[in-house]
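Worksheet: one structure, shown below.
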Amino acid sequence: MGLLTILKKMKQKEKEVRLLMLGLDNAGKTTILKKFNGEDIDKISPTLGFNIKTLEHRGFKLNVWDVGGQKSLRSYWRNYFESTDGLIWVVDSADRMRLQDCKRELHALLVEERLAGATLLVFANKQDLPGALPAADIKKGLDLDEITTHHWLIQGCSAVTGENLLQGIDWIIDDIASRVFTMD
Amino acid sequence: MANADGAVFVTKENICDSEFTKQFIADKLQKREDERLAHVQKRKEEKSAVSAAQENTKSFYEQFSKEKNDLENELSLCDSLDKNKLVDKFDEISVMYQKLQRFVTESTMFLPAYDLQQTQENLSKLQTSIQEKRNELIPKKKFAFKSKKKGTVSEKVEEKPKPVLEDEDVLLADCKFSDRNGEQLVMDSTINKKDVALTCLDSCIVKLHGTPSAVHINKLSNCTILSGPVSGSIFIRECKNCTFVVACQQLRIHTTTDTKFYIHVTSRAIIEDCSTVSFGPYNWTYDDIEKHYEMSGLDKRRNSWDDIDDFNWLAADKHSPNWSLIPEDDRKKFT
């Protein structure tokens, strides 16, 4: 292996970003992942286990881990925390009845030591539904202003229409990049 | 001797020649060295000029605050702008914002950690104010479901500005039934493409003659729920002794007991913390159902009503004790 190969390998590794996507069940995590990757979204079943996708975006290699959100799976979430650069928390903005559950689960994650360095992006999903709470209300409902330990941003979006998905992902990549990588 | 002379001569000539060449090469090398040094010097000057101009924290702040000001100016202009142009304007603003964000990212190399943190705080404040402005000027269209008596509903309500959140009740979705007992409740096609919520109902019959995008159901007992095709997901929890006749793309059932489901689901239905729930195929018909199927985009040919994932029963070789199929003779018809 020549020096150039080693350098190239380091370079590739350098631009790798690991994103962990979590949230209550029915939030639309898998739909966001598939929509972002340009796949068909009509045939998605509730996730029993997890999905991993490696995407190329803006010269970054994104390893996205989408873990099922059913109550019985949440205790396994911690198996995926290691070396996470960014946490994407997905919320069903129309599910007003479970906003408290949603807040509790999110704040439980934020005290996790292994997620301490991760950037947090909150997707207020399903904004295509007329009954969806706007991102500002979700922000209030989840007490996001209390968070001082992580860089965070809330972004209203719709996985069905694809609205604002790119903006959210771009933000989280930029934030991670500014912490982790020195630019060329 | 001639040979020797010749040899001497040749050697002499060689010496002369090689000395001449040496001198020539030395000159050339010196010249090159000078050129190289000059070039290096020039590069150095250029580079330090550039880096002084660009990579200096002060000039970073100048450019950052200039672009930030531009952005804020644009934002304040929005107030007086025509409604039709607002969307384009906000797109423009978000492009400006992204450019600014990229500029910050590229400058991280030379910015001290404190300045970087400050800048990022500034950035996120800016984004929040953009978002707030956007929400203020382009309010989301709101829909409220009123009882059928009032006739035409939706048009006028949609014009009104968004009501301020007051209490838990308002926190529930717009198309909803809650806290009813022993009633027959009907919604018509005004729920198309909307989200519907049903909560805390006892001994009610609910008919949804339409194609909503999503349905949330919570805390029902002794109810019968009939719904047209739902283009997205239905989420059911904490129900007892009910009957559901629903069609949808995704169906999640939680903490529900003694309940029958007649379903058309195009992905796989799941149950969690449920017991004595049973399943049969969807069989409700009403006047516009074909039209609603078409609008919902559900594939009529694909129905996995008999293939349920139990999240509390992961053994593949043994059937979950929590759910069963309704025998054909026991299936009810719904109209």
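The values are calculated or read from the model by the stated rules, or taken from the named source; none is laboratory data. Worth saying up front: this structure is predicted, and the values here are computed from it rather than measured. Positions of Cβ are backbone-derived with ideal geometry, glycine not excepted, and every protein chain shown enters the neighbour counts.
So which of A:Leu106, A:Leu121 is away from chain B (no Cβ under 11 Å) and in a helix (DSSP H, G or I)?
The unique qualifying residue is A:Leu106.
One residue is enough: does the range A:56-73 have a residue meeting the conditions of a type in the set (Lys, Arg), more than 10 Å from chain B (Cβ to nearest Cβ) and more than 18 Å from A:Trp171 (Cα to Cα)?
No - not one qualifying residue is present in the range A:56-73.
For the range A:130-158, what are the residues that are within 10 Å of chain B (Cβ to nearest Cβ) and within 15 Å of the chain's Cα centre (by Cα)?
Answer for the range A:130-158, where residues must be within 10 Å of chain B (Cβ to nearest Cβ) and within 15 Å of the chain's Cα centre (by Cα): A:His151, A:Trp152, A:Leu153, A:Ile154, A:Gln155, A:Gly156.
How many residues are charged (D, E, K, R), more than 10 Å from chain A (Cβ to nearest Cβ) and in contact (Cβ under 8 Å) with a residue 40 or more places away in the chain when one looks only at the range B:249-270?
Summing the residues that are charged (D, E, K, R), more than 10 Å from chain A (Cβ to nearest Cβ) and in contact (Cβ under 8 Å) with a residue 40 or more places away in the chain in the range B:249-270 gives 1.
Among the residues of the range B:276-284, is any at pLDDT below 95 and surrounded by fewer than 17 Cβ atoms within 10 Å (Cβ to Cβ)?
yes
State yes or no: is B:Ser76 assigned to a helix (DSSP H, G or I), of a type outside the set (D, E, K, R) and within 13 Å of chain A (Cβ to nearest Cβ)?
In short, no.
I'd like the full set of residues that are touching a Lys or Arg at 6+ places or on another chain (Cβ under 9 Å) and either more than 13 Å from chain B (Cβ to nearest Cβ) or assigned to a strand (DSSP E or B) (or both), limited to the range A:40-55.
A:Asn51, A:Lys53, A:Thr54, A:Leu55, listed by residue number.
Restricting attention to the range B:237-264, which residues are within 21 Å of B:Tyr293 (Cβ to Cβ) and within 24 Å of the chain's Cα centre (by Cα)?
B:Cys248, B:Gln249, B:Gln250, B:Leu251
Can you name the condition, by its number, that B:Arg252 falls short on among (1) in a strand (DSSP E or B); (2) crowded, with 24+ Cβ neighbours inside 10 Å?
(2)
Given the criteria over 22 Å from A:Gly156 (Cβ atoms) and without any contact (Cβ under 8 Å) to a residue 12 or more places away in the chain, does A:Ser75 qualify?
Against the criterion (over 22 Å from A:Gly156 (Cβ atoms) and without any contact (Cβ under 8 Å) to a residue 12 or more places away in the chain), A:Ser75 qualifies.
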